[in-house]
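These notes concern the structure reproduced below.
The values are calculated or read from the model by the stated rules, or taken from the named source; none is laboratory data. Not measured: the values here are computed from a predicted model. Note: ideal-geometry Cβ built from the backbone for every residue, glycine included; neighbour counts use all protein chains shown. Each accessible area value is taken on the protein alone, full model and side chains, heavy atoms only, with ligands, DNA and RNA left out. Shrake-Rupley method; radii C 1.70, N 1.55, O 1.52, S 1.80 Å.
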Amino acid sequence: MSCVTVRSPGCHVGTGLTFGLVATVTTQPAQRRAPKTGRFDSSVVKKTVMAVSGIIMILYLLAHMVGNLKAFSGAEAFNSYSGWIRTIGEPALPAQTALWIIRIVLLAAVVLHFWAAISLWRQARRARPVPYVTKKRVQQSFASRTVRWGGLILALFIIWHILDLTLGAVNPVGYDSTPYDRLIASFSNIPITLFYVVSMVLLGLHLRHGIFAATQTLGQTNKRRERAVNGLAYVVAGVITVGFLLVPLSVVFGLID
Amino acid sequence: MMSLTLRIWRQRDRTKKGKMVTYHVTDVSPDMSFLEMLDVLNEKLILDGDDPVAFDHDCREGICGSCGLMINGIAHGPEQATVCQLHMRSFSDGDVLDIEPWRAGGFPVVKDLAVDRSAFDRIISAGGFISAPTGTAPEAHSTPVPKKNSDAAFDAATCIGCGACVAACPNGSAMLFTAAKVSHLGLMPQGQPERDARVLKMVAQQDAEDFGGCSNIGECSAVCPKGISMETISRLNHDLLGALRAGAVPMS
Ligand code: HEM
Ligand code: SF4
Ligand code: FES
């Protein structure tokens, strides 16, 4: 089909009617592209994967944060908390069952979240092959603009964090130490602490946007709930950020040693 | 009368590379619409033997949605209205204006500022319809519609398919448009038979047309001349997840 009629939108190209002059460009409209039909090809389904895995990570982070705050009760309380995670359900269940379930669920959540993020990022790049010469922001928030790069830095953070405090591989006192010693050793080191602080601020921004986005993705926002959802996003993001920053900053300022 | 400097995207056709070209227009009245200002420029270009700037327009009264332009980095310019409804009094004498086409994988440039928006037609034809017997119009009161739903459906139905949402979106996503079309039918009793298939097919088509996915940034709604709200996208997501739960399969 070719469009030559003046009234076919998308095809009619006018030069203005002042001269009674209409330059009409004939174009072949692009072929209908066959959509992919797999369930996981849908961008909305990918976003749902992102939202559900994000919510799983948030729930974990809330529990993790409460655990960290045990550092304020001293080395013994902290180490025994870390021991407790490894023995939940014993003797009915073998040692470390709960820990491994949590690890596997989290690993799946991180991998799926990452897969969906990269896949949607690539789709977005295809969707704007030629950039604007001038583009202004009308309403987007800083948090929404930084989800992708912020998310990538968070991925690096997660890897570092496991190497540091779980495996002890990059930790100043290494693996042959108690969890509490590793914690103090890491946060007595200024560059490491700075990296943690920056990551937690990025996490806060990620969650400020992410919690709103997840609610929207799961089809639960509307004009009436908008303020409540945004409020919830601020509160949860704030609690998680501050909660995680308390321990490292207390070590730096000598409140914990 | 105002004088303006315009930096306009000129591109011969889809296959050529384009670039910004600078023009000066004088004798612009503040009462002119933006399109009339471009007409003035084109009259001058034609008299000078130059190639006039191609731009899309039709109704010039804000209802057809064909006149999309990026003006100084904002879709449809500084007012939340279509370009034909934008008047030069929104600008000042001596302003420098960058004028670009909508930029999206799904909207290839035809020439200069005109893009091919037929991808929107294909999203509509994928599912933006209802099956209804033709012939005598049924009695209007025979199918009651809750006021809340009819209001929301009417709001969604005001979408004119201009494409500003895609143009403004950092992801180049057409989700606001698709959501408006999915909602306005899905909220009505007449739209129920195809409701599940509609949302799956229309979203699949929007993804296939090289539009991005929504990441809930909200630039779309902020520039939409009809003020279609982000709530509409939430409704689309809700419908799509509901359709998958109900076991509908995304076929083409
Ligand atoms: C592995 C590193 C991570 C990357 C690369 C990443 C990337 C992203 C990206 C690109 C989005 C899309 C934003 C949008 O669509 O608006 C997103 C959304 C989200 N992220 Fe992450 N993220 C990461 C880690 C995390 C973590 C650790 C959490 C939670 C504790 C989290 C929670 C969320 C939530 C709740 C969403 C909203 C989902 C939605 O769009 O509906 N993310 N993430
Ligand atoms: S949703 Fe608004 S901006 Fe998008 S096509 Fe419809 S009227 Fe235009
Ligand atoms: S020309 Fe029809 S909406 Fe502007």
Check: Which one of A:Gln140, A:Gln220, A:Gln123 has the biggest mean-square fluctuation once chain A is modelled by GNM with Cα springs under 10 Å?
Finding: A:Gln140
Margin query: Once you keep just the Cα pairs under 8 angstrom separated by 6 or more residues, what percentage relative contact order results for chain B?
Written below: 19 percent
Note to self: How far apart, in nanometres, would the label points at B:Ser150 and A:Trp149 be if each is projected 7 angstrom from Cα along the Cα-to-Cβ direction?
What the structure shows: 5.1 nm
Notebook entry, point to check: With every protein chain kept in the model, how would you rank B:Asp50, B:Asp58, B:Asp27 by accessible area, 1.4 Å probe, largest at the top?
Noted result: B:Asp27, B:Asp50, B:Asp58
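Return the FRET efficiency for the residue pair A:Leu232, B:Gln190: r is the Cβ-Cβ distance, R0 is 56 Å, and the value is rounded to the nearest 0.05.
Approximately 0.95, to the nearest 0.05.
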Next item on the list: Quick one: compute the contact order of the range B:2-111, relative version, from alpha carbon pairs under 8 angstrom and 6+ residues apart, as a percent.
Entry: 35 percent
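Run the numbers for A:Leu59 and A:Asp257: contour at 0.36 nm per residue of separation, minus the present Cα-Cα distance, in nm. Write down the numbers at each step before the final one.
Details: separation 198, 0.36 × 198 = 71.28 nm, distance 2.86 nm.
Extra length available between A:Leu59 and A:Asp257 comes to 68.4 nm.
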Item checked: Residue-wise HN-Hα coupling along the range B:182-187, computed from phi with Karplus coefficients 6.51, -1.76, 1.60 (Hz; x: Gly, Pro) -> 5, 5, 5, 8, x, 7
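Across peptide B:74-83, what mean number of C-beta atoms from other chains lies inside 10 Å of a residue's C-beta? If you can, show how the numbers build up before the last one.
Details: counts 5, 3, 0, 0, 2, 0, 1, 0, 0, 0.
That works out to 1 on average.
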Item checked: Accessible area (Å², 1.4 Å probe, nearest 10) - B:His141 -> 150 Å²
Item checked: Tail fraction, Cα-Cα pairs, the range A:91-219, threshold 23 Å, whole percent -> 51 percent
Next item on the list: Report the net charge of residues surrounding A:Gln216, where surrounding means a beta-carbon distance below 11 angstrom and charges are Lys +1, Arg +1, Asp -1, Glu -1.
Entry: +1
Check: Residues of A:211-221, mean number of Cβ from any other protein chain within 10 Å of their own Cβ, rounded to a whole number?
Finding: 5
Notebook entry, point to check: Using a Förster distance of 56 Å, how high is the FRET efficiency between A:Leu69 and B:Ala197, based on the Cβ-Cβ distance and rounded to 0.05?
Noted result: 0.65
Note to self: For chain B, what is the number of Lys pairs with C-alpha distance below 21 angstrom, counting only pairs 8 or more positions apart or on separate chains?
What the structure shows: 11
Note to self: Given a 10 angstrom Cα cut-off, can you work out which residue in A:Lys135, A:Lys70, A:Lys46 is the most mobile in a GNM of chain A?
What the structure shows: A:Lys135
Next item on the list: Taking only Cα atoms and a 10 Å spring cutoff, compute GNM fluctuations for chain A and point out the largest among A:Tyr196, A:Tyr132, A:Tyr180.
Entry: A:Tyr132
Item checked: Packing rank of A:210-218, B:156-164, where each peptide gets the mean count of other beta carbons within 10 Å, highest leading -> A:210-218, B:156-164
Item checked: ³J(HN,Hα), Karplus 6.51/-1.76/1.60, whole Hz, each residue of the range A:81-86, x for Gly, Pro -> 5, 5, x, 4, 4, 7
Note to self: I'd like the carbon and sulfur percentage of the solvent accessible area for the range B:2-111, probe radius 1.4 Å, heavy atoms only, ligands and nucleic acids excluded.
What the structure shows: 48 percent
Notebook entry, point to check: Counting pairs of alpha carbon atoms under 8 Å apart in space and at least six apart in sequence, what relative contact order in percent does chain A give?
Noted result: 20 percent
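Taking only protein heavy atoms and a 1.4 Å probe, what accessible area per residue, in Å², does the protein assembly as shown have with all protein chains in place?
Numbers: 23900 Å² over 509 residues.
Roughly 47 Å² per residue, with all protein chains present.
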Next item on the list: Mind listing the long-range amide H neighbours of B:Val110? Cut-off is under 5 Å, sequence gap 5 or more, other chains count too, H placed in the peptide plane at 1.01 Å from N.
Entry: B:Val115, B:Asp116
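Taking R0 as 51 Å, what FRET efficiency do you get between B:Asp31 and B:Ala246 from their Cβ-Cβ distance, rounded to the nearest 0.05?
For R0 = 51 Å, the calculated efficiency reads 0.40.
To the nearest whole number, what is the average tally of beta carbon atoms from other chains within 10 Å of the beta carbons of peptide B:48-55?
3
Please give me the summed charge of the neighbours of B:Gly163: other residues whose Cβ is under 14 Å from its Cβ, Lys and Arg +1, Asp and Glu -1. The partial results should precede the final answer.
Numbers: positive: A:Arg128, B:Arg103, B:Arg117, B:Arg122, B:Lys181, B:Lys226; negative: B:Asp56, B:Asp58, B:Glu100, B:Asp116, B:Asp121, B:Glu209, B:Asp210, B:Glu219.
Combined, the nearby Lys, Arg, Asp and Glu give -2.
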